[in-house]
Amino acid sequence: KLKNLSSGGNLEKTFRAGEMVEEAVLNKLEMQFNYLDGDNYVFMDMTTFETEEVSKDVIGDQAMWMKEGVETTILKFGDKILDVGVPNTMSLTVAETDPGVKGNTASGGDKPATLEGGAVVRVPLFITVGEKIKVDTVNKKYLSRDNDK
């Protein structure tokens, strides 16, 4: 199976013994998200201080995790950016959530909370607006309060 990294499609291909295939050279760059410029996200390589603009189409669902200063991994093929990855866990501020209601909490209870980038995760009832929490960005789950204020 071959995967087209540009389109995401898969292709079934059978190769003969000894058949040569050109190797795709992919570059992984550690870059920091700086700011949003219209529909483009601007990232900076912290060693060379060069910037790269990435369209929101490439960012896709990762946009909800983008906040100024976040370290990302950018996958490039030649000059084309194929993917932008965020850390598996991030510390984010709760922007909006309902107040916790005391009572029926024998089973723990949770509520939805909107985070600073727009992601919505389920959090325990004791979490309030303005608190920093640690979130699993892969599964969109609450991990814990962030005690490193």
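The values are calculated or read from the model by the stated rules, or taken from the named source; none is laboratory data. The shown structure was predicted, so the numbers you read here are calculated from the model rather than taken from an experiment. Here the Cβ positions follow ideal geometry from the backbone for every residue, glycine too, while neighbour counts run over all protein chains shown. These area figures cover heavy atoms from the full protein model, side chains too; ligands, DNA and RNA do not enter into them. Shrake-Rupley method; radii C 1.70, N 1.55, O 1.52, S 1.80 Å.
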Could you report the accessible area of Lys141 in Å², rounded to 10, computed with a 1.4 Å probe on the protein chains as they sit in the structure?
120
Give me the accessible area of Phe49, 1.4 Å probe, in Å² rounded to the nearest 10.
130
With springs only between Cα atoms under 10 Å, which of Lys13, Lys56, Lys132 fluctuates most in a Gaussian network model of the chain?
Lys13
Relative contact order as a percentage, the chain, C-alpha pairs under 8 Å and 6+ apart, gives 17
At a 1.4 Å probe radius, carbon and sulfur cover how many percent of the accessible area of region 41-149?
49
What Kirkwood Rh does region 1-87 have if only Cα atoms enter the pairwise 1/r average? Answer in Å.
14.5
Rounded to the nearest 10 Å², what accessible area does Thr128 show when all protein chains are kept and the probe is 1.4 Å?
70
The answer for the chain, accessible area per residue at 1.4 Å probe in Å², is 68
For the chain, what does the convex hull of the Cα positions come to per residue, in cubic angstrom?
169
Under a Gaussian network model of the chain whose springs join Cα atoms within less than 10 Å, the largest fluctuation of Leu26, Leu11, Leu75 belongs to Leu11
Working from the pairwise distances between different alpha carbons, so that the mean of 1/r is found and then inverted, what is region 109-149's Kirkwood radius in Å?
10.4
Could you please report the charge total around Lys111, scoring K, R as +1 and D, E as -1 over all other residues with beta-carbon less than 9 angstrom from its beta-carbon?
-1
